[in-house]
Amino acid sequence: MDTREAIETRRSVRDFTDEPVSDAELDELIEAAIWAPSGLNNQPWRFMKITDRATIVGLSGLTKYRGVVAGAPALIAVFLDETAMYDRTKDLMSAGAAVQNILLAAHDAGLGACWLGEILRNREKVEKLLEVSSDLELVALVALGRPEPGERAGVRHPLESMMLPPPKFPLGTDP
Ligand SMILES: Cc1cc2nc3c(=O)[nH]c(=O)nc-3n(C[C@H](O)[C@H](O)[C@H](O)COP(=O)(O)O)c2cc1C
């Protein structure tokens with residue numbers, strides 16, 4: 001798939017068929033994630049593949065998007081590793097870029113994905129359930145599976161509404 005096409009046609013998918021996502025497919029997505037840029041190339045992200053039903057059901061109870069999580073045959077949990085971090089803002093942005101790579105790679109592979117952030121309100125409970133070390137901070141959960149057929153509309157504000165005017169007095173011309 002063309003990059004531009006992938007960016008514009010990717011949609012959040014919240015309803016999945018029961019067909020499993022293989023370990024190799026999940027590895028492909030994580031491989032895409034690790035090619036994201038990061039400040040100083042510090043690669044502060046860590047990933048966990050989750051396909052165990054009981055674990056998925058347990059996680060589903062920790063978000064109001066229970067149905068999305070419970071209905072997903074696979075999840076990828078994305079963490080920041082405190083021992084690899086150097087700047088919280090930049091590290092979070094790097095992790096976000098890694099998550100976006102997962103979403104785009106999933107779309108390219110014919111999978112559906114949804115970035116889940118609401119569950120972060122129960123971050124500590126998730127970390128406990130997943131038995132991760134205290135150096136790791138959950139930053140996102142991605143639900144994955146094969147999309148149920150159906151239209152998923154993409155909605156964006158017009159570009160103009162996002163634009164700021166350039167400075168009135170470029171450097172040196174302030175009267
Ligand atoms: C940081 C972040 C957190 C999100 N959290 C959730 C979530 O908890 N539940 C959910 O259903 N979608 C979540 N989404 C998906 C957004 O709702 C979705 O990307 C947005 O509505 C635009 O739709 P699109 O992805 O189909 O273009 C999240 C997206 C981002 C980037």
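Here, each number is a calculation from the coordinates, and none is a lab measurement. What you are looking at is a predicted structure, and each value in this text was computed from that prediction instead of being measured. FYI the Cβ positions are ideal-geometry reconstructions off the backbone, even for glycines, and counts take in every protein chain you see.
What to note about this one:
- Straight-line cross-link reach from Lys128 at under 21 Å between alpha-carbon atoms covers these lysines, not counting any fewer than eight positions away in the same chain: Lys49, Lys64.
- Protection proxy ranking, highest mean first, for peptides 123-132, 43-52: 43-52, 123-132, where packing is the per-residue count of other beta-carbon atoms within 10 Å, averaged.
- Inter-site label distance for Thr55 and Gln100 at 7 Å from Cα along Cβ, in nm: 2.8
- Length released on extending from Asp23 to Asn122, taking residue separation times 0.36 nm less the Cα-Cα span: 33.0 nm
- Projected over every direction and averaged, the convex hull enclosing the alpha-carbon atoms of the range 22-150 yields 7.5 nm².
- In this calculation the C-beta distance from Arg152 to Glu82 is compared with R0 = 35 Å, giving a FRET efficiency of 0.45.
- Separation in nanometres of the label points that stand 7 Å from Cα toward Cβ, at Asp174 and Trp115: 3.6
- Ordered by the number of other Cβ atoms lying within 10 Å of each residue's own Cβ, fewest first, Trp115, Trp35 fall into the sequence Trp35, Trp115.
- Calculated [θ] (222 nm, deg cm²/dmol) that DSSP helices of n ≥ 4 give over the chain, each run adding -39,500 (n - 2.57): -10000 deg cm²/dmol
- For the range 22-150, relative contact order (Cα pairs under 8 Å, six or more residues apart, normalised by length) works out to 32 percent.
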